[in-house]
Structures are given as C-alpha cells and as structure tokens.
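So the structure is just underneath, and the comments pick up after that.
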Amino acid sequence: MDDPELGRCVFRGRRWVCASRDRAGNELLIGLPGDRRAPALAGLSEARALLGQVEAIAASALKYADDDASVQAFIASEGALQLDGFSVTDEPGTFVVEFSVQGWPDAMIDVQFRAGLPCGVSCAD
C-alpha cells in the first residue's frame, strides 16, 4: 500500500511499517496498528498528524532521554541518539519515538508518549 504522506507501507508480523521521510529528507520508519488487510484508520490519521510535527516531537523525546540517567548509563559514550521513526499504538494519543545509537548499531532507545508528552523510556540491544 502506498500512502501519499507516509510513503510505502507493508504489513510485517502484526503491524504495518511505512518508509517515510522527514522535512530534511531523512528516512523515518513509522509503525501502525492494523490487520493484514489494512492499517487502522485512526492509526493512519494519527501518524499523518505526528509526521507533520516530527521535529518538535523528536526534540521533546531527545530532551526526555537526555535527562534520564538510565539512558545515559546505557549509551555511555557510544554516540549520539539518531531518530529512526515512531510507532502509533492502538490507544489514541499514545505513541513511541524510536532512536538508534550512532556507535552501537543494535541499540534501541524508545521514548513513550501519552497525550503529547513523554512519559517513559526503555533501552534495549
């Protein structure tokens, strides 16, 4: 499926993943809820809205991650966080901003948002 705003979307596992770009032309992966037939309409709508403000959302997520001691300990001196994309959940107004770590290819930092505000962070490799 091709979406004019979100780009090429494919069903992988239990979610839809869209390959999109931010205003600077950087690739973003966007996860959407839905079934094999199509992404959920509410998820599509929310993802489009988030894509329009991705720079502000990413800045908020970065600040939240930078202020978290566990994130700083996790990445130590491996490098800067790089925005990979975001995933919309089934719950309206809830999404996750996803980062990788510049010097650590399989590290992931996810910042959870609820009602437009960061509310949690998780680290994994």
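The values are calculated or read from the model by the stated rules, or taken from the named source; none is laboratory data. Keep in mind that what you see is a predicted model, and the values were worked out from it rather than measured. When we count neighbours, we look across all protein chains shown, and the Cβ atoms used for this are built from the backbone with ideal geometry, even at glycine. Just so you know, the surface numbers come from the protein's heavy atoms only, side chains and all, with ligands and any DNA or RNA stripped out. Shrake-Rupley method; radii C 1.70, N 1.55, O 1.52, S 1.80 Å.
Excluding ligands, DNA and RNA, what is the solvent-accessible area per residue of the chain at a probe of 1.4 Å, expressed in Å²? Present the calculation step by step, with values, prior to reporting the outcome.
Working: 6920 Å² over 125 residues.
Accessible area per residue: 55 Å².
Hey, can you rank 6-12, 28-34, 71-77 by average C-beta count inside 10 Å, highest first? Walk me through the numbers before you get to the answer.
Values: 6-12: 15.1, 28-34: 21.0, 71-77: 13.6.
Peptide ranking by packing, descending: 28-34, 6-12, 71-77.
Please state the charge dipole magnitude for the chain, taken about the Cα centre, from unit charges on C-beta atoms (+1 on K and R, -1 on D and E), reported in debye and rounded to the nearest 20.
Numbers: 11 positive and 19 negative charges, 93 e Å.
Computed about the Cα centre, the dipole is about 440 debye.
Per 0.36 nm of contour for each residue apart, how much would the distance between residue 90 and residue 56 grow if the chain were fully extended, relative to their Cα-Cα spacing? The partial results should precede the final answer.
Working: separation 34, 0.36 × 34 = 12.24 nm, distance 2.23 nm.
Value of the extension gain: 10.0 nm.
Only Cα pairs under 8 Å and at least 6 apart count here; give the relative contact order of the chain as a rounded whole percent. Show your work: numbers first, answer last.
Details: 234 pairs, mean separation 21.5, N = 125.
Taking the mean separation of contacting Cα pairs over the length of the chain, I get 17 percent.
Inverting the mean 1/r over all pairs of different Cα atoms, compute the Kirkwood radius of region 1-67 and quote it in Å.
Details: mean 1/r = 0.0797 Å⁻¹.
One over the average 1/r among Cα pairs gives 12.6 Å for region 1-67.
Going by average Cβ neighbours within 10 Å, how do the peptides 78-90, 111-123 rank, with the highest at the top? Numbers along the way, then the final one.
Details: 78-90: 18.4, 111-123: 15.6.
Packing proxy ranking, top to bottom: 78-90, 111-123.
[x] 14.2, 43; [y] 14.2, 46; [z] 14.7, 51: which one is Rg and Dmax of the Cα atoms in Å as calculated from this entry?
Structure-derived value, by its label: [x].
Given a 1.4 Å probe and every protein chain left where it sits, what share in percent of the accessible area of the chain is carbon and sulfur?
Values: 3680 of 6920 Å².
C and S fraction of accessible area: 53 percent.
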